[in-house]
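Right, one structure below, let's go through it.
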Amino acid sequence: MTQPDGYDQNDKTVTLEVYSSEPLARMAAGRLELEGIQCMVRAVGVGPGGWGIAATVPHALDTWEDDADLAREILDIAPTEAKGQLVDPEAAQSRFPITVMLVLAVVVVAIVIQAADAVFSRIFA
């Protein structure tokens, strides 16, 4: 996100929302950019290299602090104060890592059972 002429280097960015995947965050960013609001999509949590596919990790949508209220209105996002909680991008969780671990555990158990069956069938045959 480049700084336009009207912004100072000390201006702050704020996180508007954390989405469960990159495509959802990119759609929201596109809507803001059509309205002339500069924004940035970034991976949070483990990041794009953590699980191999960047699209399935949570992504945050950031914009300049001065544009945050208009951006929330365009996207119909309640202000963080109204939600009663602070936006913590690092706390965003995705079900993708849990799903991967579950599938991996099932595959490992299946391999162990097949190996044990092969060993015991030779021993007791």
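Worth pointing out:
- Of all residues in segment 29-53, those being modelled with pLDDT of 90 or more and in contact with a Phe, Trp or Tyr (Cβ under 7 Å, 6 or more places away or on another chain) number 1.
- Looking only at segment 57-91, residues that are within 17 Å of A29 (Cα to Cα), at pLDDT below 85 and either part of a strand (DSSP E or B) or of a type in the set (V, I, T) (or both) come to 1 in all.
The values are calculated or read from the model by the stated rules, or taken from the named source; none is laboratory data. Because the structure is a prediction, the values reported are computed rather than measured. Cβ: placed from backbone, ideal geometry, glycine included. Neighbour counts: every protein chain shown.
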